[in-house]
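Participant: Dropping the structure in here first, questions after.
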């Protein structure tokens with residue numbers, strides 16, 4: 001069953017791109033006329049937002065839509081086990097928050113995917129944004145709190161609520177929308193990214209502080225950005241108009257052709273990495289390359305700060321080249337080739353099933369039966385039969401994640417590793433540290449002594 005998808009119009013200075021147009025004033029003008037192909041990841045997130053909306057509007061659970069196919073920009077997405085699990089986490093979070101408000105005596109009103117005017121913020125006529133969920137809690141004494149809850153379905157970079165530009169604009173738009181009916185004393189911003197962190201990120205701000213940020217940061221940035229947009233046909237953009245950075249460039253449609261970003265990448269790594277390709281037959285150039293100092297850890301740390309931005313830029317350049325080639329435009333040094341063939345599949349599952357049955361194959365030969373996952377078992381038994389669930393819970397194991405590199409600002413505790421060299425230090429009778437070659441010789445000699453005369457390895 002296909003679910004219909006309505007067209008989603010985006011404002012020029014949209015809340016979702018707020019970090020881009022606030023941090024880089026020329027970015028909006030630079031993106032005019034650039035290809036606007038939606039990524040598969042963005043469409044995947046849109047599909048999950050649709051399931052979220054169905055659940056909250058119809059008071060259903062995500063499992064209700066299991067197996068449904070959602071079509072976004074020509075791509076099909078199934079409401080599978082993973083989507084059900086993660087969307088349900090968001091839905092449960094919204095419902096639990098409503099119950100928590102009600103337990104304190106508040107009356108709660110919910111708005112799902114509410115279209116909110118942002119014209120008073122950006123100055124763009126008729127501009128609107130869509131907030132995933134807005135809750136308004138009102139207590140008997142007249143106090144009121146507005147809570148904006150954003151669903152992030154990505155599994156990449158963790159998004160936090162504190163001073164999140166997109167969420168702050170949504171919160172101000174929602175506050176302004178309902179200000180005539182409620183006297184808000186608090187604004188709460190919640191971002192739930194279930195595929196990264198099961199616990200939502202929260203942040204509170206007073207209405208006065210939020211409006212001050214809008215007046216001093218968001219509004220002036222939009223006004224400056226609009227000046228660039230209106231003058232781009234008459235005054236060419238220069239590198240000084242841009243402000244490249246990991247956050248603001250992440251979703252910018254112009255990053256593949258942005259001269260400021262290309263210059264930033266060159267300045268970051270150009271002085272340290274020489275191009276070896278094409279120099280293999282030139283001994284003098286090879287010798288020159290060998291004369292440079294290798295990067296030390298301090299330099300590696302500086303380069304690490306820009307790695308995500310460089311990686312994002314490289315992917316954008318590859319994507320832009322592919323776009324140009326698919327459009328029939330030549331890009332020197334590149335060409336289109338046939339990619340790897342896809343997996344084999346039945347032209348008709350029903351016809352294949354009928355044919356296999358006619359061949360008198362057994363059920364276990366025709367079908368793959370799969371045990372339900374711990375997540376499915378949890379939803380099936382934890383509430384309805386806690387005692388049975390406890391028995392199953394004892395059979396569940398969850399392995400730790402592998403060590404990975406992260407910036408020092410990451411909230412997770414650092415893993416302390418023993419340097420590899422320390423594990424192989426050996427000292428001779430004179431107190432001298434042995435070389436790695438000497439250590440290897442010692443280890444090999446020890447292994448040889450452990451072998452018996454008939455050649456049996458005792459190690």
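The values are calculated or read from the model by the stated rules, or taken from the named source; none is laboratory data. Note that this is a predicted model, so its numbers are computed, not measured. Quick reminder, even Gly has a Cβ in these numbers, built from the backbone with ideal geometry, and neighbours come from all protein chains shown.
Participant: Going residue by residue through the range 61-71, is there one that turns out to be part of a loop (DSSP other than H, G, I, E, B) and within 30 Å of residue 227 (Cα to Cα)?
Facilitator: Residues of the range 61-71 part of a loop (DSSP other than H, G, I, E, B): 61, 66-68.
Going one step further and asking which of them are within 30 Å of residue 227 (Cα to Cα), we end up with none.
No, because not a single residue in the range 61-71 is part of a loop (DSSP other than H, G, I, E, B) and within 30 Å of residue 227 (Cα to Cα).
Participant: Given the criteria under 27 Å from the mean Cα position of the chain (by Cα) and either modelled with pLDDT under 85 or exposed (fewer than 14 other Cβ atoms within 10 Å of the Cβ) (or both), does residue 307 qualify? Before the answer, list the steps.
Facilitator: Numbers: under 27 Å from the mean Cα position of the chain (by Cα): yes; either modelled with pLDDT under 85 or exposed (fewer than 14 other Cβ atoms within 10 Å of the Cβ) (or both): yes.
So residue 307 passes the test.
Participant: For residue 334, state whether it is outside the structural domain of residue 84 (by TED's automatic domain parsing), at pLDDT below 90 and touching a helix residue (DSSP H, G or I) at 6+ places or on another chain (Cβ under 6 Å).
Facilitator: Details: outside the structural domain of residue 84 (by TED's automatic domain parsing): yes; at pLDDT below 90: yes; touching a helix residue (DSSP H, G or I) at 6+ places or on another chain (Cβ under 6 Å): yes.
Yes.
Participant: Looking only at the range 110-129, decide whether some residue is part of a loop (DSSP other than H, G, I, E, B), touching a residue at least 60 places away in the same chain (Cβ under 8 Å) and touching a strand residue (DSSP E or B) at 6+ places or on another chain (Cβ under 6 Å).
Facilitator: Checking the range 110-129: at least one residue is part of a loop (DSSP other than H, G, I, E, B), touching a residue at least 60 places away in the same chain (Cβ under 8 Å) and touching a strand residue (DSSP E or B) at 6+ places or on another chain (Cβ under 6 Å).
Participant: If residue 162 meets every condition in (1) modelled with pLDDT under 95; (2) within 23 Å of the chain's Cα centre (by Cα); (3) surrounded by fewer than 19 Cβ atoms within 10 Å (Cβ to Cβ) apart from one, which number is that one?
Facilitator: Of the numbered conditions (1) modelled with pLDDT under 95; (2) within 23 Å of the chain's Cα centre (by Cα); (3) surrounded by fewer than 19 Cβ atoms within 10 Å (Cβ to Cβ), the odd one out for residue 162 is (1).
Participant: Sticking with this one: So which residues in the range 352-373 are under 40 Å from the mean Cα position of the chain (by Cα) and over 30 Å from residue 392 (Cβ atoms)?
Facilitator: Hits for the range 352-373 are 352, 353.
Participant: While we're here: Suppose we filter 43, 50 for residues that are crowded, with 16+ Cβ neighbours inside 10 Å, on the phi < 0 side of the Ramachandran plot, modelled with pLDDT of 95 or more and within 22 Å of the chain's Cα centre (by Cα); which single one remains?
Facilitator: On the way: 43 fails: modelled with pLDDT of 95 or more.
Testing whether each residue is crowded, with 16+ Cβ neighbours inside 10 Å, on the phi < 0 side of the Ramachandran plot, modelled with pLDDT of 95 or more and within 22 Å of the chain's Cα centre (by Cα) leaves just 50.
Participant: Within the range 29-60, can you find the residues that are closer than 23 Å to residue 157 by Cα, in contact (Cβ under 8 Å) with a residue 24 or more places away in the chain and outside any helix (DSSP H, G or I)?
Facilitator: 36, 37, 38
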